Amino acid sequence: MAVADITSLESLLSPSSTLTIPTKPFTEDYNNWTNYAVITPKAVIKTTSEPDIQTVVRFAAEHNLRVSVRGGGHSVFNSCDGIILDLAGWDEIVYDDDDDTIRVRPGVLGGKVMEVAGERGRCVLSGTCNTVGVTSLYLSGGLGPLTPKLGMAIDSLLSARLITASGELLTVSPESNPEVFHVLAGAGQTLGVVTEMQIKTHPLNETLNTADETVFFASITFPASRVAEITDLLSSTKWDENTAVYLMLLSPPEGGAPLFVFSISYYGSDEDAKRILKGLYDLKPIAETAKRVPYVRMNDGGEGFGERGEFKRMMGVGLKRMSVEGMKGMVEAYENLLAVGGDLGKCGVLFELLGMDVARKSSIGVYAHRDIDIWCIPLLWYSHPESHAIAEKFGRDVRKALKGGDVSEDMVVYPAFRAGDETPEELWGSKETAEKVAGMKAKLDTKGVFLKF
Ligand SMILES: Cc1cc2nc3c(=O)[nH]c(=O)nc-3n(C[C@H](O)[C@H](O)[C@H](O)COP(=O)(O)OP(=O)(O)OC[C@H]3O[C@@H](n4cnc5c(N)ncnc54)[C@H](O)[C@@H]3O)c2cc1C
């Protein structure tokens, strides 16, 4: 399609919406979490208008153009060669005091929704990073530090307004278009444009077992060479619903041998937290800090992870168990990567150990991995495109080591942590669910306008 034709779309939009044709290298303007696989589109449209979004998607369907929706800008898969619908500026958020729910527009970020809930003595299921978009997180399933207490984000999803590829605006909830709601809750990123979402909030102090809206937060560090003892401890510990454990294998910025750094939130008293974490403290970490953090600040430590720019990818894999052999293989793969030197030092491996007992009580949506309590996410992070291949090899090596040598056996991947090379069954857990997702996609997006997993 010629530039002149796409600019004709501008005249169909209201004055509050803007259409821009990218001229300079697109990554400079896009300010995405990652520049990996960013594609320069024909046009970027910024809007806060549902009728304009309907116009854009109808135009795209008619002209066989792809549309990518952008909210918080943390995905590897949020650009295309057609139209980018950039909804980052649409960040209206409304708290409803009558039923303690929150309505968010597509640009609202995780930190903001925590803040608005926290002001009312309420909390929400959000991810680990304040700058990730709320809508997208809820559409993909949504894991976060409160998952052990509250389940997944989709378990707190009440309804959404969805514009499909035909331009139709649907209200989607368990009562209205329930079959669409079922797929939206987990695979919603592929169905259309969600212009508003209503989510549940939860009582803050009651959820956190506290009286002062704070969380116990511990940082505990070990040399990665202690991998066997740490793995033994982790595999023999069942964390309760009050504990959210994040573990990062990283290279210290000042250089030196790799480290395991635990970031642990505990919902209860300091004494109970220390009792629960005794096994870790008994291993004699090389550094430890513990403090109480206000709920609304509990994700602040993860801000570096949300930093925008450079090349980043996740290559997540779900685990039912950790083996010493697999974890040793992972550390070895990491040491091999670091030995290459150059710009690879920010790569690492993140583990999310989030008890899913509460989440397993729900069956909302098509998220397929409620049986998985351990997510491992090799994080590929570098600044030069020449490092693509070596970083990708590292991610594959980690997956392979952790899956005990055979990567194809029992491989499961949470779509929000995907690398892009997974099969539908790996993402959706079974052929049946994969077909359900594909069937709804085919029904609502016949021409494949929106993101395809
Ligand atoms: C640093 C970091 C931390 C993360 N932490 C967590 C975590 O703790 N828990 C977790 O579950 N996941 C987490 N994720 C994964 C994250 O949830 C997904 O990458 C999510 O898609 C990012 O949302 P976004 O709005 O920021 O990104 P965007 O790139 O803006 O959006 C990602 C995709 O979502 C779809 N989308 C966005 N907005 C809409 C909309 N309004 N309607 C329809 N589709 C839409 C589009 O397909 C888009 O390509 C994390 C990712 C990163 C990079």
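The values are calculated or read from the model by the stated rules, or taken from the named source; none is laboratory data. Remember, predicted model here, so these are calculated numbers, not experimental data. Note: ideal-geometry Cβ built from the backbone for every residue, glycine included; neighbour counts use all protein chains shown. Side chains are part of the model used for accessible areas, which takes the heavy atoms of the whole protein and leaves out ligands, DNA and RNA. Shrake-Rupley method; radii C 1.70, N 1.55, O 1.52, S 1.80 Å.
Of note:
Let's see how each residue does on (1) open to solvent by less than 10 Å² (accessible area, probe 1.4 Å); (2) of a type in the set (Gly, Ala, Ser):
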residue: Arg103; (1), (2): no, no
residue: Gly107; (1), (2): yes, yes
residue: Arg120; (1), (2): no, no
residue: Gly141; (1), (2): yes, yes
residue: Thr147; (1), (2): yes, no
residue: Gly151; (1), (2): yes, yes
residue: Asp155; (1), (2): no, no
residue: Ser159; (1), (2): no, yes
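- Verdict on Ala224 being out of contact with any Ser or Thr (no Cβ under 6 Å at 6 or more places or on another chain), within 16 Å of the ligand (Cβ to nearest atom) and open to solvent by less than 10 Å² (accessible area, probe 1.4 Å): no
Listed here are the residues, each with its yes/no results for (1) modelled with pLDDT of 95 or more; (2) among the small types (Gly, Ala, Ser).
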residue	(1), (2)
Ser16	yes, yes
Leu19	yes, no
Asn31	no, no
Glu50	yes, no
Thr55	yes, no
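- Positions within region 370-420 being more than 28 Å from Glu241 (Cβ to Cβ), within 16 Å of the ligand (Cβ to nearest atom) and either without any contact (Cβ under 8 Å) to a residue 40 or more places away in the chain or crowded, with 16+ Cβ neighbours inside 10 Å (or both), in sequence order: Leu380, Trp381, Tyr382, Ala391, Gly395, Ala419
- Where strands (runs of 3 or more DSSP E) sit wholly within region 221-319, those with at least 1 residues that are more than 20 Å from Gly395 (Cα to Cα) occupy 243-250, 259-266, 287-294.
- Taken as a whole, region 337-358 holds at least one residue that is in a helix (DSSP H, G or I), modelled with pLDDT of 95 or more, over 30 Å from Ile39 (Cα atoms) and in the same structural domain as Ser265 (by TED's automatic domain parsing).
- With respect to being in a loop (DSSP other than H, G, I, E, B) and not aliphatic (A, V, I, L, M), Phe394 falls outside the description.
- Taken as a whole, the structure leaves Arg321 outside the set of residues that are open to solvent by 40 Å² or more (accessible area, probe 1.4 Å) and free of Cβ contacts under 8 Å to residues at least 40 places away in the same chain.
- Filter pass, Ser263 being surrounded by 15 or more Cβ atoms within 10 Å (Cβ to Cβ), of a type in the set (S, T, N, Q) and within 22 Å of the chain's Cα centre (by Cα): yes
- Val104 of a type in the set (A, V, I, L, M, F, W, C), free of Cβ contacts under 8 Å to residues at least 40 places away in the same chain, touching a helix residue (DSSP H, G or I) at 6+ places or on another chain (Cβ under 6 Å) and within 10 Å of the ligand (Cβ to nearest atom): no
- When restricted to residues that are assigned to a strand (DSSP E or B) and near the ligand (Cβ under 7 Å from one of its atoms), region 107-138 contains 1.
- Residue in region 297-312 that is in contact with a helix residue (DSSP H, G or I) (Cβ under 6 Å, 6 or more places away or on another chain), among the aliphatic types (A, V, I, L, M) and crowded, with 20+ Cβ neighbours inside 10 Å present: no
- Cβ separations smaller than 9 Å between residues 6+ apart or across chains give the following pairs from region 345-363 residues that are within 29 Å of His182 (Cα to Cα) and without any contact (Cβ under 8 Å) to a residue 60 or more places away in the chain to residues that are in a loop (DSSP other than H, G, I, E, B) and within 14 Å of the ligand (Cβ to nearest atom): Arg360/Gly151; Arg360/Arg370; Ser363/Arg370.
- Verdict on Pro424 being open to solvent by less than 10 Å² (accessible area, probe 1.4 Å) and closer than 30 Å to Val57 by Cα: no
- Search result, residues across region 64-97 that are crowded, with 17+ Cβ neighbours inside 10 Å, away from the ligand (no atom under 12 Å from the Cβ) and outside any strand (DSSP E or B): Leu65, Gly82
- Residue within region 196-214 that is assigned to a strand (DSSP E or B), surrounded by fewer than 21 Cβ atoms within 10 Å (Cβ to Cβ) and within 14 Å of the ligand (Cβ to nearest atom) present: yes
- Cβ-Cβ under 6 Å pairs, at least 6 apart or on other chains, region 33-60 side at positive phi, far side in a loop (DSSP other than H, G, I, E, B) and open to solvent by less than 40 Å² (accessible area, probe 1.4 Å): Ala37/Val76
- Residue that is farthest from Arg122 (Cα to Cα) [pool: residues in region 150-171 that are small (Gly, Ala, Ser) and touching a strand residue (DSSP E or B) at 6+ places or on another chain (Cβ under 6 Å)]: Ala160
- Residue count for region 275-301 satisfying the condition of being modelled with pLDDT under 95 and among the acidic types (Asp, Glu): 1.
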